[in-house]
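Single-structure report; data block below.
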Amino acid sequence: MLVELNKILFNSRVKRIYDAWNESKNNEDYSSIADTDALLLLAGDPAAEDEPMKKGTCLQQWLLGYEFPSTFLLFQKDKIVILCSASKAKILSQVSGSGTVIPVEILAQAKAKDQANDAVPKFFEMYSSKTRVGTLTKEEYTGKLITEWNKLVSDKKGQVPELVDMSMAVSGFMAMKDDEELKTIQGASNLTSTLLKHHVIPRLETILDKESKISHDMLAAQIEARLGSGDGDNAKGPDMKVWSKGKNLTDVDWQLVEFCYSPIIISRSTKTGYDLKYSAESTEDNIAHKGVLLVSFGMRYKSYCANVGRTFIVDPTEEQEAQYNVLLSLQQELLSFIKEGVTSKDIYQHALSFVKDKDPELEKHFVKTAGFGTGIEFRDSAYVLGPKNTRVLKKNMVFNLDLGFADLKDKDGSKYALHLADTVKVGSERSSTLTEPLKSAKDYLFFLTQESEEDEKPQKSERRPPVQPKTNGTPAKKTAGNKVLRNNRRAAQDEVHQTAAAKLAEHQRELHEKLHNDGMAKYSEEGSGTGGKEGKGWKKFQSYKGEGALPSEAERLRIFVDRKALTVILPIHGFAVPFHINTIKNASKNDEGEFTYLRINFQTPGQLAGKKEDTPFEDPDATFVRSISYRSTDGHRFDTIYKQITELKKEVNKREAQKKEMADVIDQGSLTEIKGRRPAKMPEAYIRPAPDGKRLPGEVEIHQNGVRYQSPMGQKVAFHEDVLFSNVKHLFFQPCDHELLVIVHMHLKQPIMIGKRKTIDVQFFREATDVQFDETGNRKRKHRYGDEDEIEMEQQERKRRQLMNKEIRAFAEKIAEAASASNGETLELDIPFRELSFEGVPFRTSVRLQPTTDCLVYLTDPPFLVVTLADIEIASLERVQYSLRQFDLVLIFKDFTKPPLHINSIQSSAMDDVKNWLDSVDIPMAEGPVNLNWGPIMKHINESPHEFFQGGGWTFLKGTTGGAESDLSDQSGSESEFEAESEDFAESSSESESNFSDASGSNESGSDFGEGSDSDSGDDWDELERKAAKSDAKRADAKKARGSDDDLSEDDRPKKKTNGKAPAKAAAKSKSKGKR
């Protein structure tokens, strides 16, 4: 049976109905059914999806667990009679029979192809025999059964019972929730809170921070799309990137999750104004980036509802902050006040009194009701928390506590509203929130203007906006030229330095702990293995289907290379044996005297063949032929065979490599061109990868579902290439500031073919050099010479670049808008932050790498680099040593099957900036003094990720940066101690070398005297004095040890570099001896 009904639940809820019915004369909640003989529940055809759920349908689902269209229920004092179709009767028969609280009788209608029976007349006869029947009089239904029922009623007019409205009693039946219902509502609340916290808030922050142009209804559609979108082959499931972050959502049945209503997004640009009703709709206007934004949505899980409403304020005034704080205080007050035994009107009056005490001006703006009961029915009108409702609240009732102020006005006279809604459960002493409550009003206040940032801390965002980091938090020093002046408060500087370093270390410790916990959760015992990567399989191949397919040359029993079948036929003991070329490893030929030897080696297990060491075999335990040798006096023939085998092997290997290379290339589909108007264009543009042939500029056009690049390739042929929005992962705009190109760059989800080249990056650019412009102002040069002419040219150049940046950026923003409209998900335009850039070697040459909000990029020249920050598992800083001027950065990806990315030779002066940037984007990092061999490490991790995390995970990288630094500092300290105890001559010479020579390559000397350091900062006077005092103390100790000041005087003076090198070597030797 497909549908299983819960008979125990049915019996308990039927008992609740009959208990309430029997006590209706003594209970005001059920007084409407006090004098009734029966209760009638009608149901017609299913309602449309956009219609709210009827109370009768809610009662059906509460009673039976499912909706049964075209089904009537008649509750009589002694039994329940159900009228339904024959198919539904089979399902409903589960709740009939013995063991029921009240007997259940089922009247099944005849099937459509059979002759009509007396089920409907019999049911009507039972109904008409009653005097007074309770039903839902305000609800109307449609359908064949309803039409037939209405005809019977009209025909028997005057003989039917009196009808009374039982809606208030039905609300009372369902108001108190049992344990199973509360568990389901908590699940719906968890879904609602997760969507708010991990998608809606970060999405709004991004829109406000970047001032993205997006309409209210589009954002609402994007929120709804987190549950899945599309139909058929284009269907997308729930967005588990969002839902996986929620609490207790692992066992959710996603087919039973839906929205109670379409999410409501309202801002100051909404043409209908601020409407706090749940019947409001998100409009097509673009979201305003200033003022008040209202967001509300509800989730339904297993038919039970949970709701949440929040207010976001951008650059709030003091008055708005105070009003929001009143709203938050009111919610906390009502949670304490709402409890078992309190009436609905008392709750509203208490709320009104509280508002009046806090701010009398807000009393007239308070909403007309403070909430309503919720459950299967989203808004139960019988339990509205209004000034006239006398209903008494009971334990385990669930309400949507809906608070707000409407028609408020700011300083410029524009209206706004404040809204705060949560799902709450009534308790015996106080109420509790089921959705995650608002802890502080400041959590939903955004400060985007510079003035506000000085007074208030900016709102935390999912990814903090990149800013130029200070070196380990050191305050800016006062400089004159290249000299460092004294800072007024050295102690304050040290305190800030230590505080910033401590905060970074603490944050990194939290990130490492979260990383380890996530790894343990992701790679459970069952999930251990290759980390999701499927191992290589045995690839079967066939040379011939049978003996008849062998070529005629096989009969001659001579070695023959069949290129068509990719096979080498070898004569073995009088038989022609075919060997597929994939079974052959290689061939070799040797000449010895008058004979020529041809040796053919085969692929066999146990061979250490480098990358093919793990080549699988169908049966590795079988007996394999490792090689076969042939001897012949016909050397020319063996030469030919050897060349044929070698060429065929190379050809097959090349073909397989190409096939493997193109395995992930996708066919994008067709571009839908815009009709009825001209598409937006970017003229004079070039594309990379560049097409073959003459380099000519083209134009980029924005169409309905993608962009098209068109370029003339000669007089007849035109080159065009399409990129669909559905395949675009990141969109970048790089201005021509400090660059020769202005760039629009697309990083794709899957590679495509452009011409004959495979690429995952498509770039459109325009050159910003003088060659691109036609200068026609040369007459002025006849009359003006020198600096004035050059200044004017520079100003014109600067103006041209600004105009070009503005034009291309506007075009890139149009691409982002069109992609967002096409995909249903916003595609953000990302711009590199040059002030955070650093130089490194990701490929073969040193390039300037620039962080963006979501990526680390290099876009100026191919090969391009685009690294998504969300894909990074951990960053490892290597070769971090005091004596080295460069270090390496290794990025390990969350997909362990991808090789780590090495960015080498980054200047040590940029280390603090790199660390602060990595920390600001929540990437765990570690550092070490040497390079690690990541190939074997990643292979070990992929073999068993569970064992890797079980054994400590990434702690082998020394955990956090703080730990690594302390280890290094301890090591350097021990070395300097040994130097002090070594031979006097070595110490004196090495000291002189480090202080007055650059031969040692010391970073310290470079920063002190400006030799070979890229950094424009140095030690201040206090630091220099401290080092000088330490140096003097060492010299004094050395003099005492020698017993004479005069003996050391000559050695102490600065000498030529030739005199300093030998002692430095001696110091190094004594140091190395001491280490042994």
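Find the residue count for segment 418-439, including only residues that are farther than 23 Å from residue 291 by Cα and buried (at least 19 other Cβ atoms within 10 Å of the Cβ).
7
Just to be sure I understand, how many residues within segment 826-861 are out of contact with any Ser or Thr (no Cβ under 9 Å at 6 or more places or on another chain), in a loop (DSSP other than H, G, I, E, B) and in contact (Cβ under 8 Å) with a residue 24 or more places away in the chain?
Final tally of qualifying residues: 4.
Return only the number of the condition from (1) modelled with pLDDT under 90; (2) open to solvent by 80 Å² or more (accessible area, probe 1.4 Å) that residue 636 does not satisfy.
Status for residue 636: all satisfied but (1).
May I ask you to list the residues in segment 264-274 that are part of a loop (DSSP other than H, G, I, E, B) and without any contact (Cβ under 8 Å) to a residue 60 or more places away in the chain? Quick ask: steps written out before the conclusion?
Step one: filter segment 264-274 for residues part of a loop (DSSP other than H, G, I, E, B), giving 267-274.
Listed by number, the residues that qualify are 267, 269, 270, 271, 272.
Hey, among 574, 532, which residue is on the phi > 0 side of the Ramachandran plot, at pLDDT 85 or above and exposed (fewer than 15 other Cβ atoms within 10 Å of the Cβ)?
Matching residue, one of 574, 532: 574.
So which helices (runs of 4 or more DSSP H) stay within segment 94-201 end to end and still have 2 or more residues that are over 19 Å from residue 21 (Cα atoms) and modelled with pLDDT of 90 or more?
By residue number, 119-128, 144-155, 179-195.
Assess whether residue 165 counts as being without any contact (Cβ under 8 Å) to a residue 24 or more places away in the chain, open to solvent by 30 Å² or more (accessible area, probe 1.4 Å) and of a type in the set (D, E, K, R). Don't jump to the end; show me each part of the working.
On the way: without any contact (Cβ under 8 Å) to a residue 24 or more places away in the chain: no; open to solvent by 30 Å² or more (accessible area, probe 1.4 Å): yes; of a type in the set (D, E, K, R): yes.
No; evaluated as a whole, the condition is false for this residue.
Evaluate segment 390-400: report whether one residue or more is closer than 18 Å to residue 296 by Cα, assigned to a strand (DSSP E or B) and open to solvent by 10 Å² or more (accessible area, probe 1.4 Å).
no
From the set of residues in segment 932-959 that are touching a strand residue (DSSP E or B) at 6+ places or on another chain (Cβ under 7 Å) and open to solvent by less than 50 Å² (accessible area, probe 1.4 Å), which is modelled with the highest pLDDT?
Looking at the filtered set, the residue picked out is 934.
With respect to the numbered conditions (1) touching a residue at least 24 places away in the same chain (Cβ under 8 Å); (2) buried (at least 20 other Cβ atoms within 10 Å of the Cβ), which one is the sole condition not fulfilled by residue 45?
(2)
Among all residue pairs at least 6 apart or on different chains, which show Cβ distances below 7 Å where the first residue, located in segment 123-150, is open to solvent by 40 Å² or more (accessible area, probe 1.4 Å) and the second is hydroxyl-bearing (Ser, Thr, Tyr)?
132/36; 138/167
Every residue, every condition in (1) surrounded by fewer than 21 Cβ atoms within 10 Å (Cβ to Cβ); (2) over 30 Å from residue 942 (Cα atoms), yes or no:
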| position | (1), (2) |
| --- | --- |
| 835 | yes, yes |
| 863 | yes, no |
| 871 | yes, no |
| 879 | yes, no |
| 886 | yes, yes |
| 903 | no, no |
| 906 | no, no |
| 909 | yes, yes |
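Given 28, 67, which one is acidic (Asp, Glu) and under 26 Å from residue 391 (Cα atoms)?
Details: 67 fails: under 26 Å from residue 391 (Cα atoms).
Just a single option satisfies the conditions, and that option is 28.
Only residues that are open to solvent by 50 Å² or more (accessible area, probe 1.4 Å) and either within 53 Å of the chain's Cα centre (by Cα) or among the polar types (S, T, N, Q) (or both): list them for segment 66-80, please.
Taking segment 66-80 first, the residues open to solvent by 50 Å² or more (accessible area, probe 1.4 Å) are 66-67, 77-79.
Within segment 66-80, 66, 67 meet the criteria.
Restricting attention to segment 536-571, which residues are basic (Lys, Arg) and either outside the structural domain of residue 629 (by the TED database) or on the phi > 0 side of the Ramachandran plot (or both)?
Of everything in segment 536-571, those that are basic (Lys, Arg) and either outside the structural domain of residue 629 (by the TED database) or on the phi > 0 side of the Ramachandran plot (or both) turn out to be 536, 539, 540, 545.
In this structure, does residue 207 turn out to be among the hydrophobic types (A, V, I, L, M, F, W, C), under 30 Å from residue 833 (Cβ atoms) and surrounded by fewer than 20 Cβ atoms within 10 Å (Cβ to Cβ)?
Details: among the hydrophobic types (A, V, I, L, M, F, W, C): yes; under 30 Å from residue 833 (Cβ atoms): yes; surrounded by fewer than 20 Cβ atoms within 10 Å (Cβ to Cβ): yes.
Yes: the conditions hold for residue 207.
If you go through segment 10-30, how many residues are under 54 Å from the mean Cα position of the chain (by Cα) and under 18 Å from residue 175 (Cβ atoms)?
So the answer is 14.
Within segment 839-857, can one find any residue that is within 24 Å of the chain's Cα centre (by Cα), open to solvent by 20 Å² or more (accessible area, probe 1.4 Å) and not small (Gly, Ala, Ser)?
Just the residues of segment 839-857 that are within 24 Å of the chain's Cα centre (by Cα), to begin with: 849-857.
Adding the requirement that they be open to solvent by 20 Å² or more (accessible area, probe 1.4 Å) leaves 853-854.
Now narrow it down to the ones that are not small (Gly, Ala, Ser): 853-854.
There is at least one residue in segment 839-857 that is within 24 Å of the chain's Cα centre (by Cα), open to solvent by 20 Å² or more (accessible area, probe 1.4 Å) and not small (Gly, Ala, Ser).
The values are calculated or read from the model by the stated rules, or taken from the named source; none is laboratory data. These figures come from a predicted structure and were not determined experimentally. Counting neighbours? That spans all protein chains shown, and the Cβs are built from the backbone with ideal geometry, glycine included. Only protein heavy atoms, including side chains, enter the accessible area calculation; ligands, DNA and RNA are left aside. Shrake-Rupley method; radii C 1.70, N 1.55, O 1.52, S 1.80 Å.
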